[in-house]
Amino acid sequence: MLNYVVRRILATIPVMAVVALFVFSLLYIAPGDPAAIVAGDQATPADVERIRESLGLDRPFLVRFGEWVWQILHGDLGTSIFTNLPVATMIAQRIEPTLSLMAVTLILAVSVAVPIGVVAAWKADTLIDRGIMALAVLGFSVPVFVVGYLLAYVFALELDWLPVQGYTQLREGLWPWLENLILPAIALGCVYIALIARVTRATMLEVLQQDYIRTARAKGIGQGGILFLHALKNAAVPIVTVIGIGIALLIGGAVVTETVFAIPGIGRLTVDAILRRDYPVIQGIVLLFSFIYVLVNLLIDLLYTLLDPRIRY
Amino acid sequence: MNRRAFLQSATGAGALAATAGLATPAISQRVAARTLRFVPQADLANFDPIWNTQYVVRNGAALVWDMLYGVNADLKPQRQMVESEEVSGDRLTWTFRLRPNLKFHDGEPVLAKDVIASLARWQARDNMGLMIKAIQDELVAVDDRTFRWRLNRPYSKLLIALGKVGTPSCFIMPARIAATDPFKPISDYVGSGPMKLVRSEWVPGARAVFEKFSEYVPRQEPSSWLSGGKQILVDRIEWVVMADPATASAALQNGEVDWWETPIADLVPVLNKSRNVVVDIADPLGNIGSFRMNHLYPPFNNVYARRAILTAMSQEDYMRAVVGDDAYWKPLPGFFTPSTPLYTEEGGEILKGPRNLDAAKRLLDQSDYAGQPVTCLVAQDLQIAKAQGEVTADLLKRLGMNVDFNAIDWGTTAARRAQKSPPGQGGWNMFHTWHAGAVCVDPSSYTAIRANGDKAWFGWPTSEKVEAEITAWYEAASFEEEKSAIGRLNRAACEDVVYAPTGFFLAHQAWRSNVAGIVKGPLPFFWGVSKAA
C-alpha cells in the first residue's frame, strides 16, 4: 500500500509537468495582451509597448517558460501582472471561501443525494421514483445562475432570511460563515445532487437484484438494514467514484456561483485573471487545481480499499 | 426569455416585494453607520494611478493621494495642496508654495522634494506632462515647502494639467515611492489624501478598504469635485467588488451595500421602484460613444469611406441600443462634451439631419471599396461596446459592405486594437468603445481626438488640420481663442473623420436613501458623503 501511494505521488510529477507545459503554451498562443489592459483606455500604443517590455512579455516563449518553471521548482508561483502580489498570496487570500463552498456543497449534496437515490431504487418505477428522477433531470438542466438568482430572490430579497452576496470567514463564527454559504451551496449542489442521486439509484438497483440481498430478506432483515447496511455498502464504490469526479464539476460550478453570489473565491479569481490575461495567476490556479484533482483521485482510490476489501494495491 | 430579461424580472420582483412592504428586518445586515459600502465600476486590481490609467484606479487613488490642484464642477483648476503660486511676467517661471502641515500617511511631512519626484513620474506617462517636460528647463525645490518650475516657452495650461481628472492625474506621493519606474507598478501605498488604504484588508478582485486619515488637513472652502475641503464623514469606506450587476442590484435593494457606482441601464427601472434606493445621473458630463476606424488599411484609409460611415450612421440607433431611454442621450454632431464651455457643433453637419444611405453609398463608391471583408471587433463582455457593434454591423450591411464580425472579449479587443498588421492578418478595421465626457471637454486629456499618425490613439489617424488646431488650443491666450480653435478642430475632425461619434449618453448611480451628500461628477467623490444609521 505504501509503495502504491509513493508511486502515485511520484506519478503526479509528470502529470504536473504536462499540465504546466500545456497551460503555458495555451496562454502563450491565446489572444490578448495584459500590457494593453494595464495601460488603460487612454494609453497610447507606445505606452502599451513600454509596459509590455517592462513586464517581460516581449521575451521569447522558451525564456519565459524556463523562468517560470525555475520559479515553480523553487516553490514560487510567480507574481501577478496586475496586483504585483505573489500568486501564492492571492490564492491564499481566496482559497478559504472556495474550499468552504465546496465543503458545504459536498456535505449537502451527499447527505441529500444518497438517501434519495436509495429511496428511488427502493421504490423503483413508482411515482416516488419518477418524482425523484424528474427532480434530478431538472437539477441537471437548470443552469446554476438561474437557480442562484431564484434562491436569492426568494430567500434574500423577498423573505430576507439570508444575505444576497458575500462571504464571512469561519473565524467570525459558524452561523455568519454558514449563512453566506447556504444559498450558493444549494445552487451549486443541484447538479451534483442530481448526478449522485442518479448513480446511487442505478447502482442500488443493480445491487438489490443480487442473491445476497434475497438471502438477507429471507433472514428477516428489515428494509432499512437491507438498503443501508447491505446494499448501499456494496454500491458505494461507483458512488464514491462519481463524488470524486464531481469535484471537477464543483470547481467549474464555483466559478459561476462565486460570481452570482459575489463570493471572493478562487473561481472569481480565475475569471478575473482570464479576462485580464494575468498569466501567472491563471497558471498558478490551473496547477493548483490539477494537483488537487490528482490528490482527490488518489484519495478515492485509497477509499476503495476501505469500501471493498477485495481491492488491494 | 434571455438571461438579462430573467435577471431584470427576478430583481424587479424583489424590488416590488420590498416596495409592498413584504420584507422583514434583515438578519444578515450588519452594516455600521460609520462604514460606507460602495460597489465600484470595476475591480481595484492594482493601485498605482500612474502605471495603470484605468478609471477605477484613479477613483481609488483620489481618496488616498491628494493633488496640487483639482478641477471643480466648473472645470476650473483650484488650489489643493498648493497654498499659493507665483508666475513671472514672461510666464516662464512658476513658483509654488505648499500648504503648511501637509502629511503623508506615515506621518512624514509632504515636502517639495516629494512633489518634484511625483511630478517627474507623472510627466513620463501623461501627454500634457510630456509636453511640459519638453519645454522644461528646471524643476527644483527652493525649500521644504516651495518648488520652482522654469520653462523655456509659456505653457498656459499648466494648472489644468496638474488638476485634471483625465488619467493619469497628478497625485503626490512620497519621493521614495515616486522614484519607481513609471512603467513599473509601485508596491507601497503611503498616501497624502484624506483616506488610507488598509493594505491588510485589500483583496484584489473582492474588496478594498479605506480608513479615514486623522491627520489630513482639509481646505476650508466647500468641496467641489477634486477641489476644496475634502471632509470625510465616515470612518471607513469598503469597496465591494461585484462582477454581476444583478447581484449588485439585489445587494443594494437589500441594504447590504450603500452606493453602486454604475448600475446598468437595464436595471435602472428596477432600482427606481425600490423605495429605499435613490437613482440619479452619475456624471453630468456623461460619455461619448465611439467607433474607431483603422486609417492604415482599406477601406478606411480613404476619407470617402469614413465619410460614408458618418453620412449613413444614425446616432439614434446607437443610443437606443446603448441606453434605451431617450431622456438619457442626445445626438452629438461633433467630438466635444455638450453643455461644457468649449462645446461646438461647427462642421458637424455631416452628422445632423435625416440619414442618407444613397449618398453614403455614393461616397463608398468614390472610396474604391472593393468588397473586401471589414473586420469589426466587438467586445461581448462590455454592454456598451456590444450594443454599438451590433448597430454598426447592421449599418455596414445596409451599405453593402462585407462584415467580418469578430465577437470577442474586451481583453482580446484591447490587444487586437494595438495590432498594426493588416485586418486579415491579426489586425482590424474597426472597434467600439466610449470616452468619458470629462475627458472630452478639451484636448488636454483627449487622446482619442489626436491625429498624429503613428503616435495617435488606435486607428492611427493622420490629419495636419486636426493637429494644427490642437496646437492652436494649447497656445490660445484667451477663452475666445480657445473656443475658436476648438470650433475649427471639430470641423477638421468631422472632415477627416478622426473617429465616428455615436452620440452622447448619461449613466446612472444609485444609493440607499440613508446616504447623503453624493454629488454628480466624473468620478465618485466620497468627501461630504454621510450615512445615517
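The values are calculated or read from the model by the stated rules, or taken from the named source; none is laboratory data. Just so we're clear, the structure is a prediction, and the values are computed from it rather than from any experiment. Neighbour counts are summed over all protein chains in view; Cβ atoms, including those assigned to glycine, are modelled from backbone coordinates with ideal geometry. Side chains are part of the model used for accessible areas, which takes the heavy atoms of the whole protein and leaves out ligands, DNA and RNA. Shrake-Rupley method; radii C 1.70, N 1.55, O 1.52, S 1.80 Å.
Provide the three semi-axes, in whole Å and in decreasing order, of the ellipsoid equivalent to the stretch B:152-288 as defined by the square roots of 5 times the Cα gyration tensor eigenvalues.
Those come to 31, 21, 17 Å.
Would you mind getting the Kirkwood hydrodynamic radius of the stretch A:1-133 from its Cα pairs, rounded to one decimal in Å?
Result for the stretch A:1-133 stands at 19.8 Å.
Given the peptides A:51-59, B:409-417, arrange them by the average over their residues of other C-beta atoms within 10 Å, most packed first.
B:409-417, A:51-59
So if I restrict to the alpha-carbon atoms in the stretch A:215-295, what is the Rg, and what is Dmax, the biggest pairwise distance, in Å?
Gyration radius and largest Cα-Cα distance of the stretch A:215-295: 20.5, 65 Å.
Give the average, rounded to an integer, of partner chain Cβ atoms located within 10 angstrom of each Cβ in B:237-243.
Average per residue, whole number: 3.
For the stretch B:266-367, I need the span (max minus min coordinate) of the C-alpha atoms along each principal axis, in Å, sorted largest to smallest.
On the principal axes, the stretch B:266-367 reaches 58, 30, 28 Å in Cα extent.
Along its principal axes, what span do the Cα atoms of the protein assembly as shown show, with the longest given first and each in whole Å?
111, 67, 63
Pairs B:Lys397/B:Lys455; B:Lys420/B:Lys520; B:Lys76/B:Lys133; B:Lys157/B:Lys520; B:Lys273/B:Lys531; B:Lys273/B:Lys330: which exceed 27 Å Cα-Cα?
B:Lys397/B:Lys455; B:Lys420/B:Lys520
Pull up the cross-link candidates among the aspartates and glutamates for B:Lys113, meaning alpha carbon to alpha carbon under 19 Å and not fewer than 8 places away within one chain.
B:Asp66, B:Glu83, B:Glu85, B:Glu86, B:Asp137, B:Glu138, B:Asp143, B:Asp144, B:Asp181, B:Asp188
Report the one residue of B:Pro423, B:Val57, B:Trp457 whose Cα lies farthest in the direction of the positive end of the charge dipole of chain B (charges on C-beta: Lys and Arg +1, Asp and Glu -1; origin at the Cα centre).
The residue sitting most towards the positive pole is B:Val57.
Under 16 Å from the Cα of B:Lys361, which aspartates and glutamates turn up, not counting those fewer than eight places away in the same chain?
Within reach: B:Asp394.
Identify, among B:Val529, A:Leu135, B:Thr344, the residue whose Cα sits farthest towards the positive end of the charge dipole of the protein assembly as shown, taking +1 on the Cβ of Lys and Arg and -1 on the Cβ of Asp and Glu, with the dipole about the Cα centre.
A:Leu135
How many percent of the accessible area of the stretch A:204-313 is carbon or sulfur, using a 1.4 Å probe?
Within the stretch A:204-313, the accessible surface is 68 percent carbon and sulfur.
Quick one: Cα centre-to-centre distance for the stretch B:475-489 and the stretch B:348-412, in angstrom?
Value for the Cα centre distance between the two parts: 33 Å.
Per residue, what volume in Å³ does the Cα convex hull of the stretch A:131-287 take up?
About 161 Å³ per residue, rounded to a whole number.
Per residue of A:83-95, how many C-beta atoms from partner chains lie within 10 Å of its own C-beta, taken as a mean?
3
Nearest-5 percent of antiparallel DSSP beta bridges in the protein assembly as shown?
Just about 80 percent of them are antiparallel.
Just counting partner chain Cβ atoms within 10 Å, what average do the residues of peptide B:403-412 show around their Cβ?
3
From the P(r) of the stretch B:422-481, could you give the percentage of C-alpha pairs in the tail past 20 Å?
Here the tail beyond 20 Å accounts for 37 percent of pairs.
Suppose R0 equals 45 Å; then what is the FRET efficiency for A:Lys219 and A:Leu150 from their Cβ-Cβ distance, rounded to the nearest 0.05?
It comes to 0.40.
Enter the buried accessible area of the A/B pair, total of both sides, probe 1.4 Å, in Å² rounded to the nearest 100.
That pair of chains buries around 4900 Å² in total.
Roughly how many Å² is the accessible area per residue of the stretch B:49-93, as a whole number, for a 1.4 Å probe?
33
Taking just the alpha-carbon atoms of the stretch B:439-533, what radius of gyration and Dmax come out, in angstrom?
In order Rg, Dmax, the Cα atoms of the stretch B:439-533 give 18.6, 59 Å.
Obtain the nm distance between the two label points defined at A:Ala88 and B:Thr95 by a simple spin-label model: each point lies 7 Å from its Cα along the Cα-to-C-beta direction.
Inter-label distance under the simple model: 5.5 nm.
With the radius of gyration and the Kirkwood radius both derived from the Cα set of the stretch A:147-199, what is their ratio Rg to Rh?
1.06
Which residues, if any, in the stretch A:257-274 have at least 10 Å² less accessible area in the whole protein complex than in the isolated chain, probe 1.4 Å?
Buried by the other chains: A:Thr259, A:Val260, A:Ala262, A:Pro264, A:Arg268, A:Asp272.
Cα atoms only, the stretch B:301-439: Rg and Dmax in Å?
15.5, 44
Within chain B, which complete DSSP H helices have Cα atoms spanning at least 20 Å along the helix axis and a mean Kyte-Doolittle hydropathy of 0.0 or higher?
B:3-19
Among the complete DSSP H segments of chain A, which ones combine at least 30 Å of alpha-carbon extent along their axis with a mean Kyte-Doolittle hydropathy of -0.5 or more?
A:2-29, A:87-122, A:182-208, A:232-260, A:279-307
With N set to the number of residues, divide the alpha-carbon radius of gyration of the stretch A:169-215 by 2.2 N^0.38 Å and report two decimals.
1.92
Placing +1 at every Lys and Arg Cβ and -1 at every Asp and Glu Cβ, with all other atoms neutral, what dipole size does chain A have around its Cα centre, in debye to the nearest 20?
Once rounded to the nearest 20, the dipole reads 1320 debye.
With a point put 7 Å past each Cα toward its Cβ, work out how far B:Ala468 is from B:Glu138 in nm, to one decimal.
Result: 3.9 nm between the two label points.
Give me the base-10 log of I(q)/I(0) for chain B at each q in 0.10 Å⁻¹, Debye formula, one uniform scatterer per Cα, rounded to two decimals.
Taken in order of the listed q values, log10 I(q)/I(0) reads -0.86.
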